[in-house]
Amino acid sequence: MNDICTILADSAAQTQKAGSSLSKTLYGHSVTVALTGPLGAGKTTFLQGFASSLGVREPLTSPTYALEQRYETPRGPFSHLDLYRLTDGQASELLHRSEDADGIRCIEWTERVSMPRLLASGPVIHVDVQEGKGRDDRVICIAFHDAAIPEETIIAQWRKDVLLPPHIAAHCDAVAGLCDRFAGVLMGQSHVIRTGALRASGQVHDLFRFLDFRPGGHPDNDHGPEQLSVWEGIRKQYPGLHHEAACAQFLQERGFSALSSIVAVHGLSVPPPPDATIEQKLLFYADKRVMLDRVVTLDERFADFAERYGKGVVSDVAKEWFGITRKIEQDLFADGPPF
């Protein structure tokens, strides 16, 4: 299953903002960004935002006559190719010569080559830019072919296999639902978000939550012998790991590397890094806004955390937790959370 994100931009500035936001949802070092759309639709405008956000300091222009331009960024090599004036055969040859290049490869006018041919070359993000109804309106559709997402039937089977307690499953579903709502708001502001990966990460982020169960953490703490036996087996499989790291390793082992990266930093043991992706930030934040299966304010969640784990005493860990989460809230929603 692949992710698709559609952005409705009403100006060149919004198209550029969408491009900039794409840099906040990259998983993996090497990827091809393939652009399609009519002449003048805004493909280069989109790439200008993308390149600038990655650290390209030179003005990005169409390389129609040079065919390819290369740049160095803090994240590694960045190349920009244009196939507009090439025949199909010439386009395929240029792509072949650039396939071994490391880093991010952006290609305009990929209509000149078949999509199966492009997908066979490695991870691809397909960006299609089309004109909208108004003069400056643009419809930007981003299809992610670079990261696998588990089907919901697979997630349901995982929950069944680990005998996940109902209240943990309900919490995961509530977090996934809140992630959906937040993503809808941000996409309306021209932020590119992998909604499928985000939702799936919400559904599985506490798959191994039982690894960190504490006495008195939840009133429903009577677990049967079969449950305890299964959980002990998982503890032995992932010795010494908290539930975040264990779940991340579990996902990595099954080929869901992007999902692994999102889930790995949703907790307090390893919070999101300074260069966190938008999905990592959203999962971390949404998880802190859900108390059991109910959406609450950050202050309410903080008070519950202190009461449940500190008997009303605000610990240094709790203060750090609150500060990190508040900062992420401000990063995501400058004007305050929408709900």
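As a rough guide to protection, the peptides 201-207, 8-14 ranked by mean Cβ packing within 10 Å, highest first, stand as 201-207, 8-14. The reciprocal of the average 1/r between distinct C-alpha atoms defines the Kirkwood hydrodynamic radius, which for region 3-145 equals 15.0 Å. The Rg/Rh ratio for region 152-332 is 0.95, where Rg is the radius of gyration of the alpha carbons and Rh is the Kirkwood radius. Counted by Cβ distance under 9 Å from SER79, the other residues give a net charge of +1, where Lys and Arg count +1 and Asp and Glu count -1.
Among 89-101, 48-60, 253-265, sorting by the average number of other beta carbon atoms lying within 10 angstrom of each residue, highest first, gives 253-265, 48-60, 89-101. Checking every one of the trypsin sites (Lys or Arg not before Pro) in region 128-227 against DSSP loop status and a limit of 13 other Cβ atoms within 10 Å picks out LYS133, ARG135. Here region 146-201 is treated as a sphere whose radius is the Kirkwood value from Cα pairs; by Stokes-Einstein at 25 °C and 0.890 mPa s it diffuses with a coefficient of 197 µm²/s.
Largest GNM mean-square fluctuation among GLN237, GLN280, GLN252, using the chain with Cα springs under 10 Å: GLN237.
Cα extents for region 64-176 along the principal axes, largest to smallest and rounded to whole angstrom: 61, 40, 31. Taking every DSSP helix (H) stretch of at least 4 residues in the chain, weighting each as -39,500 (n - 2.57) and dividing the sum by the residue count yields a mean residue ellipticity at 222 nm of -14000 deg cm²/dmol. Calculated on the alpha-carbon coordinates, the convex hull of the chain measures out at 145 cubic angstrom per residue. Spatial offset of region 175-214 relative to region 45-118 amounts to 32 Å, using the alpha carbon center of each. Of all beta bridges that DSSP places with both ends in region 3-145, some 60 percent have antiparallel geometry. Relative to the longest principal axis of the chain, what angle (0 to 90°, nearest 10) does the C-alpha long axis of helix 152-161 take? With both axes taken from Cα atoms, the answer is about 30 degrees. Among the lysines of the chain, pairs that are 8 or more positions apart or on different chains and have alpha carbons within less than 14 Å of each other number 6. The C-alpha atoms of the chain define a longest principal axis, and helix 195-204 lies at about 20 degrees to it.
Over the alpha-carbon set of region 240-339, divide Rg by the Kirkwood Rh and report the Rg/Rh ratio to two decimals. On the Cα set of region 240-339, Rg over Rh gives 0.98. Against the longest principal axis of the chain, how steep is helix 298-310, in degrees 0 to 90 to the nearest 10, with axes from Cα atoms? It works out to around 40 degrees.
Pull up the DSSP beta bridges for the chain and report the antiparallel fraction as a percent, rounded to 5. Of the beta bridges lying entirely in the chain, close to 60 percent run antiparallel.
Every number here is computed from the coordinates shown, using simple stated rules; none is lab data. Please read these numbers as outputs of a predicted model, since none were measured by experiment. Reconstructed Cβ throughout: ideal geometry from the backbone, glycine too, with neighbour counts over all protein chains shown.
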